[in-house]
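What follows draws every value from the coordinates through simple rules; no lab data is involved. Fair warning: this is a prediction, and the values are worked out from it, not measured in the lab.
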Amino acid sequence: MELSELCGLKSCEDSIKESGLPVYIYGMGNGGEKVLKWCSDRGIKAEGVFASDDFVRGQSFMGYRVQKLSDIERKVGEFTVLCAFGTELPEIMAHIDEIERRHPLYAPDVPVAGDEAFTKAGLMERFADVQRVYDALADEQSKRVFTGLSAYKITGRLGYLREIFTDEPKPSPLLGLSSDEIVCDLGAYNGDTVLGLLKATGGCKKVYAVEPEKRNFQKCVKNCTNISSAEFYNAAAWSHDGVLDFEGGSGRQAKLETGGSGKIAARSLDSILSGRKCTYIKYDVEGADIPALEGSCETIRQYHPKLYCSLYHRCFDYIDIPLYLMEHFEGYRYFMRQDRYYPAWETYLVAVDE
């Protein structure tokens, strides 16, 4: 698909409205809440909520009785499905594919962090930025990922994602990592990134692991306890040192949030390193990526480390983060990849020396 073809794609909401079919939400939890809000904001009525037959136990969600898919199919016949959860499990993805073969299925692009949902109009207003990012990408696969991702975001159709799944090993070979890296892991979670790097390279010189959520932090320290060169910071990566509102949560649900139920220390990477060297930085900070980059500027300009940036927490991250890097740092080549995931989570950017 050419970049110019995006203009002619029909938006997800227009396709749903024009079909006239009843709409049912597949999934609950935070994703279900966001998709229901997405519908409400666009004047789309959700007739009900369903889960896979094996998971229905008479529960209710947001005022809806959770139904079995098979019951809705028997009673309603044809209807539109809005997928409202994320997964990388092959068997679940295959189940979604099977539902899509039987019914019109969309996965609206709602944000993981923040409140701004994706709109085609918003993308078209920024088409100069779209073109600039596209032109800066270093290989054809990156350009295909960027265009296919944009097409998915406009239409909500998962077929555009399936066409751009990259299936590269982790850590990405594009990074060219070795056992000599000095690693700054911003959003270290439970240490999985560091452990994966050590498995792939056989070691590293130094690790700085930054993770705000207390339970994740404790797991990270425990899992990486045998790494003698590791330093751990129970803090949020940010533009400057301070204290921020924080909403804790299990797994990857914790995030910075105004009015959150708790407080968390915030640290800039420049402050943590205080001029010390770094060769690789990973950013996966649940929507705080631009502030975390702002807090790394001195380090990046001085040492020009390899960069790995998640691009999926906010709906326009895949444009805003590359633009920020392009505008503030010179001498990088940019690669965009999409891991196998429904919806468009695990999109990432790799930046390495030209």
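Can you work out ³J(HN,Hα) from phi for every residue in region 153-160, in order, using Karplus 6.51 cos²θ - 1.76 cosθ + 1.60 and θ = phi - 60°, giving whole Hz and x for Gly and Pro?
Those phi angles translate into 4, 5, 8, x, 8, 5, x, 5 Hz.
Could you give the distance between the Cα centres of region 139-164 and region 270-290, to the whole Å?
28 Å
Expressed in nm², what is the orientationally averaged projection area of the convex hull enclosing the Cα positions of region 173-310?
On the way: hull surface 30.0 nm².
One quarter of the hull surface, i.e. the mean projection, equals 7.5 nm².
I want the antiparallel fraction of DSSP beta bridges within the chain, as a percent rounded to 5.
On the way: 21 of 55 bridges.
Bridges in the chain are about 40 percent antiparallel.
Based on alpha-carbon centroids, what's the gap between region 312-344 and region 212-235 in Å, whole number please?
Between the Cα centres of region 312-344 and region 212-235 lies a distance of 27 Å.
How big is Rg to Rh over region 3-162, alpha-carbon atoms, Rh as the Kirkwood inverse-mean-distance radius? Before the final figure, lay out each step's value.
Working: Rg = 16.6 Å, Rh = 16.8 Å.
Here the Rg-to-Rh quotient is 0.99.
What is the helix-to-structure angle for 127-136, meaning the angle in degrees between its Cα long axis and the longest Cα principal axis of the chain, kept from 0 to 90 and rounded to the nearest 10?
50 degrees
Quick check: convex hull over the Cα atoms of region 277-354, volume per residue in Å³, rounded to an integer?
Details: hull volume 6.2 nm³, N = 78.
About 79 Å³ per residue, rounded to a whole number.
Show the residues, 5+ positions off or on another chain, whose built amide H is closer than 5 Å to the amide H of Tyr280.
Ile182, Cys184, Lys306
List, in the order given, every pair from Lys170/Lys263; Lys37/Lys68; Lys10/Lys143; Lys153/Lys263; Lys143/Lys206; Lys17/Lys143 whose Cα-Cα distance in the structure shown is over 29 Å.
On the way: Lys170/Lys263 33 Å; Lys37/Lys68 22 Å; Lys10/Lys143 21 Å; Lys153/Lys263 33 Å; Lys143/Lys206 34 Å; Lys17/Lys143 31 Å.
Checking Cα-Cα distances, Lys170/Lys263; Lys153/Lys263; Lys143/Lys206; Lys17/Lys143 exceed 29 Å.
Can you tell me the 0 to 90 degree angle between the C-alpha axis of helix 214-223 and the longest principal axis of the chain, rounded to 10?
That helix lies at roughly 60 degrees to the long axis.
What relative contact order, as a whole-number percentage, does region 3-162 give when Cα pairs under 8 Å and 6 or more residues apart are counted? Write down the numbers at each step before the final one.
Values: 195 pairs, mean separation 43.0, N = 160.
Once normalised by length, the contact order is 27 percent.
Just need the Rg to Rh number for region 153-244, please, alpha carbons only, Kirkwood Rh. Show your work: numbers first, answer last.
On the way: Rg = 16.2 Å, Rh = 15.0 Å.
Here the Rg-to-Rh quotient is 1.08.
Which three extents, in angstrom, do the Cα atoms of region 91-246 have along their principal axes, listed largest first?
Principal extents (Cα only, largest first): 52, 36, 35 Å.
So what's the angle, to the nearest 10 degrees on a 0 to 90 scale, between helix 192-201 and the longest Cα principal axis of the chain?
Helix 192-201 and the main axis of the chain meet at about 60 degrees.
Among DSSP beta bridges whose residues both lie in region 173-310, state the antiparallel percentage, nearest 5. All intermediate terms of the calculation are to be shown ahead of the outcome.
Details: 7 of 26 bridges.
The antiparallel proportion sits near 25 percent.
Regarding the chain, what are the three Cα extents along the principal axes, ordered largest first, in Å?
64, 45, 37
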